[in-house]
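Following: one structure in structure tokens, then a few remarks.
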Amino acid sequence: MRVTVFGTGYVGLVQGAVLAEVGHDVMCVDVDAGKVERLKQGIIPIYEPGLVPLVRDNHDAGRLNFTTSAEQGVSHGEMQFIAVGTPPDEDGSADLQHVLAVAETIGRYMERHCIVIDKSTVPVGTADKVRERITSTLAERGRGELTFEVVSNPEFLKEGSAVGDCMKPDRIIIGSESDDAIEAIRELYAPFNRNHEKIIVMDVRSAELTKYAANCMLATKISFMNEMANLAERLGADIEMVRQGIGSDPRIGYHFIYAGVGYGGSCFPKDVQALIHTAEGIGFDPKVLKAVEARNLEQKTTLFDKIHHHYQGALAGKVIALWGLSFKPNTDDMRDAPSRVLMEALWQAGANVQAYDPEAMEEAQRLYGHIDELTLCGTKEAALKGADALVIVTDWQAFKAPDFDLIHEKLSEPVIFDGRNLFDPKRIRRKGFVYHGIGRA
Ligand code: NAD
């Protein structure tokens, strides 16, 4: 099938490449000319395991193409995916300007019936706005006779495993009341729906809300565990023991119940905020969501508070080795990352940071290259040189079994702040370290 994808970020590029991989003819459109040029040359702007060969092979095979020309994009596809960003506006609501700009573009250039598929995470009611924008643009052109459908098809991929998630989705949500559109999208996704039925058809508004409900539920699990961690610390318990104890109940399960330094990334913070905004906009008080967000904001400062407490506030001139800049492992994404909150607080307090991340160094350079108090180091060992303490912020595999003798030797004082509870406190203390975890008395 002929598919157009607007937006070549984490969602658009990965979905476009995966759809091309199974044989669809995909045209990706982006307003970022530099990005499009690099993609044409096989240079992939994001780190995502498995993405480089997928994009290059399908581009070479002619099934995956890139353009900045919206006109070319609209004329290519019988399906038009919207996969552009929906960042938070100042009031926390989802900013729909990019989504609606694409809708207008589609209205401006479409010449035949098409199915518009919204993959961006958007508030309930956005499909109506997209429909209105296309309709009014068609009317301005005097082409009101052209027909189209707007479908909600939210994306559930996880950064760090996006290719695998799209190749083998847990579920494919289709929000539509049009039998023809549903059938066409079923055909599009048939290669991903072979082993067992993954497609769930529902009305558009339910599909739009499903995406927010999923992210808010996951954020709730994290904030709940962080709340338990705070209690554990104060009550003389160990959250890691508690985690194992509760995870064994199948109604709770082991997934996603790790205490840590708070959730970050480009989705959970903004989606929780956006749903709060939606709820308040209709006069409903979202008590749980507000608590989830408040707990998270506090949790993001927990590492700094521990460091501050350890040094009794005397942080000026201290050198902190920091392992992990991305908001989670296997991505280079630093949007809303807990590492940023920590580094900014450390700099404010007069400390210097020597940071290492397996993939996010370029992004850190882009964001903080101008900060004198930050040294970006080529290896995790280099970050330790001349440092006073080690702080672990992201649970990359490469940090899980480090050379503790080397860490001990390099640090001026053997102290580890472990924001992801990677280590066994007893074992670490036996090795002569002062150890601060999360929720571990
Ligand atoms: P992103 O910021 O990585 O990429 C968005 C891309 O859209 C950019 O390349 C930008 O240049 C492009 N763009 C903006 N306006 C455009 C226009 N008018 N025409 C063409 N391209 C345009 O965003 P992302 O992380 O891929 O997220 C996209 C959407 O998917 C968001 O709504 C997000 O909430 C949702 N989502 C993201 C994830 C994730 O893990 N990143 C997962 C599920 C859903």
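The values are calculated or read from the model by the stated rules, or taken from the named source; none is laboratory data. In this text the structure is predicted, and so the values were computed from the model without any measurement. Don't worry about glycine lacking a Cβ; one is built from the backbone with ideal geometry, like all the others, and counts go over all protein chains shown.
Take the residues in the stretch 74-95 that are closer than 16 Å to Thr147 by Cα and out of contact with any Asp or Glu (no Cβ under 9 Å at 6 or more places or on another chain), then tell me which one is farthest from the ligand (Cβ to nearest atom). Quick ask: steps written out before the conclusion?
Taking the stretch 74-95 as the starting set, the residues that turn out to be closer than 16 Å to Thr147 by Cα are 74-75, 77-80.
Filter again for out of contact with any Asp or Glu (no Cβ under 9 Å at 6 or more places or on another chain), leaving 78-80.
Working: Glu78: 18, Met79: 15, Gln80: 11 Å.
Once the filter is applied, the top-ranked residue is Glu78.
One residue stands out in the stretch 147-184 among those that are surrounded by 18 or more Cβ atoms within 10 Å (Cβ to Cβ), among the polar types (S, T, N, Q) and assigned to a loop (DSSP other than H, G, I, E, B): the one that is nearest to the chain's Cα centre (by Cα), namely Asn153.
Would you confirm, using the coordinates I've provided, whether Arg205 is basic (Lys, Arg) and not in a helix (DSSP H, G or I)?
Considered against the rule, which asks whether it is basic (Lys, Arg) and not in a helix (DSSP H, G or I), Arg205 comes out as no.
Among the residues of the stretch 155-171, those that are among the hydrophobic types (A, V, I, L, M, F, W, C) and within 13 Å of the ligand (Cβ to nearest atom) comprise Phe156, Leu157, Ala162, Val163, Cys166. Would you confirm whether or not the stretch 74-89 contains a residue that is touching a Pro at 6+ places or on another chain (Cβ under 9 Å) and either aliphatic (A, V, I, L, M) or surrounded by fewer than 22 Cβ atoms within 10 Å (Cβ to Cβ) (or both)? Yes, there is a match, as at least one residue in the stretch 74-89 is touching a Pro at 6+ places or on another chain (Cβ under 9 Å) and either aliphatic (A, V, I, L, M) or surrounded by fewer than 22 Cβ atoms within 10 Å (Cβ to Cβ) (or both).
Residues Lys119, Lys35, Lys40: which one is free of Cβ contacts under 8 Å to residues at least 60 places away in the same chain, charged (D, E, K, R) and in contact with a helix residue (DSSP H, G or I) (Cβ under 8 Å, 6 or more places away or on another chain)? I'd like the intermediate steps shown before the answer.
Details: Lys119 fails: free of Cβ contacts under 8 Å to residues at least 60 places away in the same chain; Lys35 fails: in contact with a helix residue (DSSP H, G or I) (Cβ under 8 Å, 6 or more places away or on another chain).
Residue meeting the stated conditions: Lys40.
Residue by residue, here is whether (1) in a loop (DSSP other than H, G, I, E, B); (2) over 27 Å from Ile282 (Cα atoms); (3) of a type in the set (Asp, Glu); (4) modelled with pLDDT of 95 or more holds:
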{"residue": "His98", "(1), (2), (3), (4)": "no, no, no, yes"}
{"residue": "Ile106", "(1), (2), (3), (4)": "no, yes, no, yes"}
{"residue": "Ile117", "(1), (2), (3), (4)": "no, no, no, yes"}
{"residue": "Val122", "(1), (2), (3), (4)": "yes, no, no, yes"}
{"residue": "Asp128", "(1), (2), (3), (4)": "no, no, yes, yes"}
{"residue": "Glu132", "(1), (2), (3), (4)": "no, no, yes, yes"}
{"residue": "Thr137", "(1), (2), (3), (4)": "no, yes, no, yes"}
{"residue": "Gly144", "(1), (2), (3), (4)": "yes, yes, no, yes"}
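Name the single residue, out of those in the stretch 57-73 being within 15 Å of the ligand (Cβ to nearest atom) and either in a helix (DSSP H, G or I) or modelled with pLDDT under 95 (or both), that is nearest to Gly175 (Cα to Cα). Here the answer is Gly73. Considering the stretch 309-338, the residues that are among the polar types (S, T, N, Q) and in contact (Cβ under 8 Å) with a residue 60 or more places away in the chain include one that is surrounded by the fewest Cβ atoms within 10 Å (Cβ to Cβ), namely Asn330.
Set side by side, the residues Thr210, Thr278 differ, and just one is farther than 20 Å from Arg335 by Cα, in contact with a strand residue (DSSP E or B) (Cβ under 8 Å, 6 or more places away or on another chain), at pLDDT 95 or above and surrounded by 13 or more Cβ atoms within 10 Å (Cβ to Cβ), which is Thr210.
With respect to the conditions (1) crowded, with 16+ Cβ neighbours inside 10 Å; (2) of a type in the set (D, E, K, R); (3) touching a helix residue (DSSP H, G or I) at 6+ places or on another chain (Cβ under 9 Å), Lys198 falls short on a single one, namely (1). Answer yes or no as to whether His76 is under 30 Å from Ile43 (Cβ atoms), more than 23 Å from the chain's Cα centre (by Cα) and not β-branched (Val, Ile, Thr). Spelling it out, His76 is indeed under 30 Å from Ile43 (Cβ atoms), more than 23 Å from the chain's Cα centre (by Cα) and not β-branched (Val, Ile, Thr). Of all the residues in the stretch 96-108, those that are under 25 Å from Met1 (Cβ atoms) and within 12 Å of the ligand (Cβ to nearest atom) number 9. Test His76 against the stated conditions and say whether it is at pLDDT 95 or above, farther than 24 Å from Gly265 by Cβ, in contact with a Gly (Cβ under 8 Å, 6 or more places away or on another chain) and not charged (D, E, K, R). Judged against the criteria, His76 is not a match.
Applying the criterion of at least 1 residues that are without any contact (Cβ under 8 Å) to a residue 40 or more places away in the chain to the strands (runs of 3 or more DSSP E) found wholly in the stretch 380-441 leaves 415-418, 434-436. Exactly one residue out of Tyr263, Tyr258, Tyr254 is in a loop (DSSP other than H, G, I, E, B) and within 20 Å of Thr121 (Cβ to Cβ), and it is Tyr263. Every condition in (1) near the ligand (Cβ under 9 Å from one of its atoms); (2) over 26 Å from Glu149 (Cβ atoms); (3) in a helix (DSSP H, G or I) is met by Pro45 except one, and the failing one is (3). Considering the stretch 4-26, and only residues there that are surrounded by fewer than 24 Cβ atoms within 10 Å (Cβ to Cβ) and not in a helix (DSSP H, G or I), the residue that is nearest to the ligand (Cβ to nearest atom) turns out to be Gly9.
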